[in-house]
1. Name the single residue, out of those in segment 247-258 being assigned to a helix (DSSP H, G or I) and in contact with a helix residue (DSSP H, G or I) (Cβ under 6 Å, 6 or more places away or on another chain), that is surrounded by the most Cβ atoms within 10 Å (Cβ to Cβ).
2. So which residues in segment 30-51 are under 25 Å from the mean Cα position of the chain (by Cα), touching a residue at least 40 places away in the same chain (Cβ under 8 Å) and closer than 16 Å to LYS239 by Cβ?
3. Kindly check whether there is at least one residue in segment 342-362 that is of a type in the set (Val, Ile, Thr), part of a helix (DSSP H, G or I), under 19 Å from the mean Cα position of the chain (by Cα) and at negative phi.
4. Find all pairs meeting these conditions: Cβ atoms under 6 angstrom apart; at least six residues apart or on different chains; first residue within segment 271-296 and more than 15 Å from HIS55 (Cα to Cα); second residue surrounded by fewer than 24 Cβ atoms within 10 Å (Cβ to Cβ) and among the aromatic types (Phe, Trp, Tyr).
5. Being modelled with pLDDT of 75 or more, in contact with a Leu (Cβ under 9 Å, 6 or more places away or on another chain), within 17 Å of LEU269 (Cα to Cα) and surrounded by fewer than 18 Cβ atoms within 10 Å (Cβ to Cβ) is the requirement here; does ALA46 meet it?
6. So which residues in segment 289-327 are of a type in the set (Ser, Thr, Tyr), part of a helix (DSSP H, G or I) and either in contact with a strand residue (DSSP E or B) (Cβ under 9 Å, 6 or more places away or on another chain) or crowded, with 17+ Cβ neighbours inside 10 Å (or both), if there are any at all?
7. Can you pull out every residue in segment 261-283 that is under 14 Å from the mean Cα position of the chain (by Cα) and small (Gly, Ala, Ser)?
8. Restricting attention to segment 117-148, report how many residues are among the polar types (S, T, N, Q) and not in a helix (DSSP H, G or I).
Amino acid sequence: MGLSLIRTPYISWTVVAPVLAVVVMAMAWGRDLPAAMVGLVIALLAGAVFASVHHAEVVAHRVGEPYGSLVLAVAVTIIEVALIVTLMVSGGGAAETLARDTVFAAVIITCNGIVGLSIVVGTRGGPEVAFSAEGARAELATVATLSTLCMVVPTFTTTTPGPEFSPPQLAFAAVTALVLYGLFLALQTGRHRDYFLPVMADGGVADIEQHAAPPSTRATVTSLLLLLVALVAVVGNAKLVSPTIERAVSAAGLPLSVVGVIVALLILLPETLAAMRAAQQGRMQISLNLAFGSAMASIGLTIPTIAVASIWLPGPLHLGLNGTDIVLLALTCLVAVLTVIPGRATLLQAGVHLALLAAYFLLVVSP
């Protein structure tokens, strides 16, 4: 992370883009947007995404790891939850399955897409990438448990018809998800902090602060505020273009689950870019922290929030996956286990993960 990343002028694109995106969002909120305005919103949405990555990296450099990798994951997931609830309240054909589709898409995209792309980027500097097997195993075990409990079990429960929990079952799943995620964060930032720090090819812990001095407190606070502004701009502008996206999905004859995938792609773009940059710098463990941490946060924060929101949200809440998705989730978990156990990965593992991601996208549009 170079000095140019930290000493950014206050009047720069990283400041202007998120602020302008929020201004346009406020002006366009609640209105039918013409095609030109939709194009402008999408362009500002992309600018806000790139700005959020920049400001998250500034904050991460200040607080150090593994705290830094938590900043973007938790912040983006909070915005994701807000977006899901907003879209569910507004109704639409995908309302009852939107939470499930978005969370499942987030799990598949993070565990296959972010992991695979990070390995591809990381192996450009050598034949393999190295990371902490202990940390990656702990992250993956939590992701697999949360995914199964919250999205597989509802398919097989019999108290209520359909792929949904009864109120006591939903409450148990929500509390368990929140507790497991909280326990993981406590261990990641506490007694097992070393498991989640970058490692070098020889197995030693990397000096991640060697490239530049940490930013000042003022710069960090400014970047933190701008990160929040950028993320609000992302979710707000995504909400603005969501009707256009839904109409396009329906006009193309695609399943409504595609909406959840598009939401997940928009929300996860900042983490994807940050993970690839970390891999390029030889910090593969940070990439895995972002990938698996985002999946955990998506489930551990979204499910409890949706469980509470379901009290007043109209319609049922379908969380259970279908048979095809269950198979894909099981295969993803199995492949991820084989990837993380050695503490090293090659381009072959990247190819397998990306093949699973491609299969997922194909099955979404052609179930």
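The values are calculated or read from the model by the stated rules, or taken from the named source; none is laboratory data. Keep in mind that what you see is a predicted model, and the values were worked out from it rather than measured. Neighbour counts are summed over all protein chains in view; Cβ atoms, including those assigned to glycine, are modelled from backbone coordinates with ideal geometry.
1. First pass over segment 247-258, keeping only residues assigned to a helix (DSSP H, G or I): 247-251, 257-258.
Then keep just the ones that are in contact with a helix residue (DSSP H, G or I) (Cβ under 6 Å, 6 or more places away or on another chain); that gives 249, 257-258.
Numbers: VAL249: 20, SER257: 23, VAL258: 21.
So the residue we want is SER257.
2. Narrowing segment 30-51 to residues under 25 Å from the mean Cα position of the chain (by Cα): 38-51.
Next, from what is left, pick out any that are touching a residue at least 40 places away in the same chain (Cβ under 8 Å): 38, 41-42, 44-45, 48-51.
Of everything in segment 30-51, those that are under 25 Å from the mean Cα position of the chain (by Cα), touching a residue at least 40 places away in the same chain (Cβ under 8 Å) and closer than 16 Å to LYS239 by Cβ turn out to be VAL38, VAL41, ILE42, LEU44, LEU45, ALA48, VAL49.
3. Step one: of segment 342-362, the residues of a type in the set (Val, Ile, Thr) are 346, 352.
Applying the additional criterion that residues be part of a helix (DSSP H, G or I) yields 352.
Then keep just the ones that are under 19 Å from the mean Cα position of the chain (by Cα); that gives none.
No, segment 342-362 has no match at all.
4. As it stands, the answer is MET296/TYR181, since those pairs meet every condition given.
5. On the way: modelled with pLDDT of 75 or more: yes; in contact with a Leu (Cβ under 9 Å, 6 or more places away or on another chain): yes; within 17 Å of LEU269 (Cα to Cα): yes; surrounded by fewer than 18 Cβ atoms within 10 Å (Cβ to Cβ): yes.
Yes, satisfied.
6. So the first thing to find is which residues in segment 289-327 are of a type in the set (Ser, Thr, Tyr), and the list is 294, 298, 302, 305, 310, 324.
Now restrict to residues that are part of a helix (DSSP H, G or I): 294, 298, 302, 305, 324.
Residues satisfying the conditions are SER294, SER298, THR302, THR305.
7. Step one: list which residues in segment 261-283 are under 14 Å from the mean Cα position of the chain (by Cα), which gives 261-276.
Answer for segment 261-283, where residues must be under 14 Å from the mean Cα position of the chain (by Cα) and small (Gly, Ala, Ser): ALA264, ALA274, ALA275.
8. Here is the first cut: in segment 117-148, the ones among the polar types (S, T, N, Q) are 118, 123, 132, 142, 145, 147-148.
Imposing the further condition that a residue be not in a helix (DSSP H, G or I) reduces the set to 132.
Final tally of qualifying residues: 1.
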